[in-house]
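Every read-out reported here was derived from the displayed coordinates using simple, explicitly stated rules and does not represent laboratory data. Note that this is a predicted model, so its numbers are computed, not measured. Here the Cβ positions follow ideal geometry from the backbone for every residue, glycine too, while neighbour counts run over all protein chains shown.
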Amino acid sequence: MESPRITVDIVEATEFPELAQRYNVYAVPKIVINDTHEFVGALPEPHFITALARAVTGDGAGPLEETAEGAAEVEATRLDSGLGDDDV
Amino acid sequence: MPFLNAKDAEVIRRRFASDLESDVRLLLFLPATGGLTLPGEDWQIAEYTRQILNQVAELSDKIQVEEYGLLSHGDVAQRYKVRLVPAIVFLGREDYGVRYLGLPAGYEFVTLLETIIAVSRGRGEVSETTRSVLAALPADAHLQIFVTPT
């Protein structure tokens with residue numbers, strides 16, 4: 001609602017097992033961003049927004065670094081291994 | 001069967017009365033009708049979802065529920081990029097791109113209520129910092145938030 005660039009699907013994981021399996025959902029809430037980044041857990045808002053911004057801008061320290069102090073440790077993990085891998 | 005007892009319904013009715021601004025349309029996409037159930041489609045979950053939405057809509061005249069079949073209204077489903085059911089598309093003054101896939105029960109019932117209110121107001125409860133970061137996002141972001149009702 002704050003940005004036309006953002007769309008959100010809230011997915012009830014147990015009812016859509018194919019999706020949950022595709023994104024290796026073992027704990028909730030799990031957030032997947034653009035099929036490329038993910039993190040687990042309900043983060044405090046500044047941490048969440050930093051993780052989101054970093055996922056969108058790529059990995060680098062973007063211009064958003066100063067917006068949430070101490071949030072570096074919650075950087076979203078890049079999904080490198082390809083979706084649907086069962087051997088992860 | 002009512003999901004909400006009279007006391008809870010009254011609490012939600014008052015919350016809606018104080019917090020809703022614009023009308024909200026809840027587009028509910030359901031599995032195929034006519035006895036045809038495609039693999040992966042669960043009619044019972046869809047039916048519960050339908051009942052919950054309609055009971056919630058009864059608590060405010062600003063909330064309307066519209067039902068569509070994923071196949072029988074394929075054009076509508078395509079317009080809102082709905083591919084799985086049951087799916088709820090939340091529309092306020094505009095389409096903010098918020099969807100809920102599955103049954104919004106248990107803890108997720110609160111998610112349903114809060115999403116209706118946020119869409120009606122056209123803004124979320126976020127800080128000014130968050131607002132400015134989001135406004136400056138250089139690229140699109142599609143978030144999938146996996147939840148469970150417990």
Kindly indicate whether any position in the range B:103-118 is in contact with a helix residue (DSSP H, G or I) (Cβ under 8 Å, 6 or more places away or on another chain), without any contact (Cβ under 8 Å) to a residue 60 or more places away in the chain, at negative phi and of a type in the set (Asp, Glu).
-> no
The one condition B:Arg83 fails out of (1) farther than 18 Å from A:Leu19 by Cα; (2) of a type outside the set (Ser, Thr, Tyr); (3) out of contact with any Lys or Arg (no Cβ under 7 Å at 6 or more places or on another chain) is (1)
Could you list, in sequence order, all residues of the range B:112-128 that are facing chain A (nearest Cβ under 7 Å) and loosely packed, with under 15 Cβ neighbours inside 10 Å?
-> B:Gly122, B:Arg123, B:Ser127
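Hey, which of the helices (runs of 4 or more DSSP H) in the range B:65-140, taking only ones fully inside, have at least 2 residues that are in contact with a strand residue (DSSP E or B) (Cβ under 9 Å, 6 or more places away or on another chain)?
Values: elements: B:74-79, B:108-121, B:128-135.
Once the helices (runs of 4 or more DSSP H) in the range B:65-140 are filtered for at least 2 residues that are in contact with a strand residue (DSSP E or B) (Cβ under 9 Å, 6 or more places away or on another chain), what remains is B:74-79, B:108-121.
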Conditions (1) at the interface with chain A (Cβ under 7 Å from one of its Cβ atoms); (2) among the β-branched types (Val, Ile, Thr); (3) more than 18 Å from the chain's Cα centre (by Cα); number of the one not met by B:Thr150 | (1)
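Matching residues to (1) facing another protein chain (nearest Cβ under 9 Å); (2) under 11 Å from the mean Cα position of the chain (by Cα); (3) crowded, with 21+ Cβ neighbours inside 10 Å:
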{"position": "A:Glu2", "(1), (2), (3)": "yes, no, no"}
{"position": "A:Tyr26", "(1), (2), (3)": "no, no, no"}
{"position": "A:Val32", "(1), (2), (3)": "yes, yes, yes"}
{"position": "A:Phe48", "(1), (2), (3)": "yes, yes, no"}
When both residues are 6+ apart or on different chains and their Cβ atoms are under 6 Å apart, which pairs have a first residue that lies in the range B:122-139 and is hydrophobic (A, V, I, L, M, F, W, C), and a second that is part of a helix (DSSP H, G or I) and buried (at least 16 other Cβ atoms within 10 Å of the Cβ)?
-> B:Val133/A:Ile49; B:Val133/A:Ala53; B:Val133/A:Thr67; B:Leu137/A:Val56; B:Ala139/A:Val56
